[in-house]
1. For region 79-90, which positions are surrounded by 10 or more Cβ atoms within 10 Å (Cβ to Cβ) and either polar (S, T, N, Q) or under 19 Å from Glu57 (Cβ atoms) (or both)?
2. Starting from region 35-64, take each residue that is more than 22 Å from Tyr84 (Cβ to Cβ) and list its partners that are of a type in the set (S, T, N, Q), counting only C-beta distances under 7 angstrom and pairs at least six apart or across chains.
3. Report whether or not Ile55 is within 30 Å of Leu24 (Cα to Cα) and surrounded by 12 or more Cβ atoms within 10 Å (Cβ to Cβ).
Amino acid sequence: MHKHIERERAVRRLRRAAGQIRGLERMVEEGKYCIDIINQSLAVKGALSAFESDILENHLKTHVAEQVRRGEKNKVAKEILSIYKVSIGK
């Protein structure tokens, strides 16, 4: 991550997700209602998804753009395809 602002935003998102996970853990320990636990779990997923989107956007704007300028198009394609495969579970 090249810019201080993006790094701070990423750390904030991770801290938010960590807090949500701690809350989720408490809910399970306290035997809270299943649907409430699932809603909290979905919130955690959403926070992590937003974090991933920010990181990917930053990567595309910085690293990928530089790799394309250097003529490393195959490397770019492999990285993006790799992330895509992981995201769909392959």
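1. Here is the first cut: in region 79-90, the ones surrounded by 10 or more Cβ atoms within 10 Å (Cβ to Cβ) are 79-85, 87.
Result: Glu79, Ile80, Leu81, Ser82, Ile83, Tyr84, Ser87.
2. Every condition considered, the pairs that remain are Gln40/Gln20; Ala43/Gln20; Val44/Gln20.
3. yes
Condition check ((1) polar (S, T, N, Q); (2) surrounded by fewer than 12 Cβ atoms within 10 Å (Cβ to Cβ); (3) not in a helix (DSSP H, G or I)) across all residues:
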| position | (1), (2), (3) |
| --- | --- |
| Ala18 | no, no, no |
| Gly23 | no, no, no |
| Gly31 | no, yes, yes |
| Thr62 | yes, no, no |
| Gly71 | no, yes, yes |
| Lys75 | no, no, no |
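Bear in mind that the values in this text are calculations on the coordinates, not laboratory data. Here the structure is a predicted model, which means the values were calculated and not measured. Neighbour counts run over all protein chains shown; Cβ positions are idealised from the backbone, glycine included.
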